[in-house]
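Scroll down for the structure; my scribbles are underneath it.
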Amino acid sequence: MAQPILGHGNLQPASAAGLASLELDSSLDQYVQIRIFKIIVIGDSNVGKTCLTFRFCGGTFPDKTEATIGVDFREKTVEIEGEKIKIKLVLLEEHPSNDSFFICLGYLMPVTHSVGIVFSGPL
C-alpha cells in the first residue's frame, strides 16, 4: 500500500510524480530573488563609521579598529515581513584632499538607494 504525502491539502498516495513535485517545491526556495539595498556611509575620519556598521552587521562593537583607508564594504541579510533583504554598506572616508572619494562617490551614487552621514558635533 502507498504511503500518504502530507502537507499539500488532501492526503494523496505517494508516487514518483508526487515525490518529484515535492522535490521541485523545496528546490525552488534556493532560486528566490533577494532584494538588495545599497547604502553609502560617509563621514570624516574618526567619527565612528566602522564601529556603527560593524555593530549593525555583526551585533557587537569591535574591540579595536584601524583607520579605513579609502573604501570598506559590509553586508547583512535581514528579514522584513517575511521577505529576505540584503543590505550592502559602502563606507567612504571623506577628506578634502582625497580625490578618490569624489571618484568613488560619482560611480556609486547612481546605484545607491540611500546615504548615511556620520559626523561628530561639539560636546
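Return a whole-number percent for the relative contact order of segment 44-88, with Cα pairs under 8 Å and 6 or more residues apart as the contact set. Relative contact order comes out at 26 percent.
Full extension of the chain segment joining I117 with K76 gains 12.9 nm, where the gain is 0.36 nm per residue of separation less the Cα-Cα distance.
Between I36 and T60, the distance separating the two model label sites (each 7 Å from Cα on the Cα→Cβ line) works out to 3.0 nm.
Here, each number is a calculation from the coordinates, and none is a lab measurement. Bear in mind the structure is a predicted one, so any value in this text is a computation, not a measurement. Please note: Cβ atoms are built from the backbone with ideal geometry, for glycine as well, and neighbour counts cover all protein chains shown.
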